[in-house]
Every structure is written in C-alpha cells, then in structure tokens.
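Undergrad: Got a structure for you, questions after.
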Amino acid sequence: MEKFGLLMDLGKVRMSADPRLVTFTRRNRARLVFCNGGITDANFSNQSRILKPGDELGVRVFRQVVPGKTTAEERLEFCRRLEGNVFVGAQGVLPIFQQKRDKLPKGLRYNSFDNKECLWKDSSGCYGMPSLVALSRGGFNFDISCFENPLDDRDAFFSFRVLSV
C-alpha cells in the first residue's frame, strides 16, 4: 500500500530573474509571518538541481494518506520513483510562494526535499529541510524542519519536475 497520495497539482511555476534566497527573504519579509534565519544562500548552496532564472517547473503536492508517522527518507524514496522528479531544496519554495501560495490549503507544512547530503547541517547536527508553512489563521512561515524528525499527515511535500531549461 502506498503511503502518499496526490493532494494537488499546482501546475507550472517559473524561477524569477534573481533566484537567490537572500533576495527572496529581503523582498518578502513583510509577507512572511516568520522567516528562519538559517535559510541563507550559504547554508543551502549544495542542492541537487540548481535552478536558474527562467527555469520552468511542474509542481505537485503530495500528502501522507496512512495513519501514524513516516520519515523524510520514505518521502524522498517516494519522490525518487516519480518520473522526472528533481530535488531543488530551498530554491523550490521561492516560485511557489511568489506564484501559487494562495492555492495551498492552510494548516499544512510543505517540505521541499533534497537528498540528505545536500541539506544544511545545523550546530545541533540536524539536517535542515526547507519548508513553507501555510498557517491556519492565514499567512506563511519560511522555516526549516529537521530531516531526522518523524512526519505525519500535517506535513505535505512538493514534487518538482523541470519543464524547460
């Protein structure tokens, strides 16, 4: 039995002319309720697929459909089986927030995966997964989840595929 199911297809997004995290956080700080200070270009510079200005991505959102907890590794493995899936880490959140945030159901955390070895490791030894949190009361957080912590049905995740380069 598959543990994850399609929540929604967000369609196509396009990377902005400046895909740097520092530019995004500076321009959107007033639109974000919270932005984790660990989300920097230096900390998230090792993504599996580097996105360039103008790249077009297809984005789907998946969610756990079984009770209980799952791991980030199980979710990564699910994404690896999806045809054309690429891992983009923190950069993937940028065009979704800019172009599709109003389509995201509230009350969920949306992780943007990358391979564990590509994630930033903080001082406590936690590998940081970038996430966009659609708050139940409205607004958004740009945050970091610990890769090692268990996940449940409140933790959705993005799946990306490159449409053009």
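Undergrad: Report the Rg/Rh value for the stretch 4-164, based on alpha-carbon coordinates and the Kirkwood definition of Rh.
TA: My calculation of the ratio gives 0.92.
Undergrad: Please get the size of the charge dipole for the chain, origin at its Cα centre, with Cβ charges of +1 on Lys and Arg and -1 on Asp and Glu, quoted in debye to the nearest 20.
TA: For the chain, the charge dipole is close to 600 debye.
Undergrad: Any idea what the relative contact order of the stretch 4-164 is, in percent, if you count C-alpha pairs under 8 Å spaced at least 6 apart? Write down the numbers at each step before the final one.
TA: Details: 337 pairs, mean separation 54.1, N = 161.
Taking the mean separation of contacting Cα pairs over the length of the stretch 4-164, I get 34 percent.
Undergrad: Under a 5 Å amide H to amide H cut-off, with H placed in plane at 1.01 Å, what residues pair with Glu148 once short-range neighbours are removed?
TA: Residues meeting the criterion, in which the H sits 1.01 Å from N, are Tyr127.
Undergrad: OK, next. Cross-link list Lys12/Lys121; Lys69/Lys116; Lys12/Lys103: which exceed 22 angstrom alpha carbon to alpha carbon?
TA: In this structure, Lys12/Lys121 exceed 22 Å between Cα atoms.
Undergrad: Determine, for each peptide in 105-111, 155-161, the mean count of other beta carbons within 10 angstrom over its residues, then list the peptides with the highest first.
TA: On the way: 105-111: 18.1, 155-161: 22.7.
Top to bottom by mean Cβ count within 10 Å: 155-161, 105-111.
Undergrad: Given the -39500 (n - 2.57) contribution per DSSP H run of 4+ residues, what per-residue ellipticity at 222 nm results for the chain, rounded to the nearest 500 deg cm²/dmol? Intermediate values should be presented prior to the final figure.
TA: On the way: 3 runs with 25 residues, N = 165.
Roughly -4000 deg cm²/dmol at 222 nm, from the helical runs in the chain.
Undergrad: Sort 51-60, 91-100 for me by packing, meaning the mean count of neighbouring Cβ atoms within 10 Å per residue, highest on top.
TA: Per-residue Cβ counts within 10 Å, averaged per peptide and sorted highest first, yield 91-100, 51-60.
The numbers here are math on the coordinates, done by the rules we state, and not lab data. Remember, predicted model here, so these are calculated numbers, not experimental data. Neighbour counts run over all protein chains shown; Cβ positions are idealised from the backbone, glycine included.
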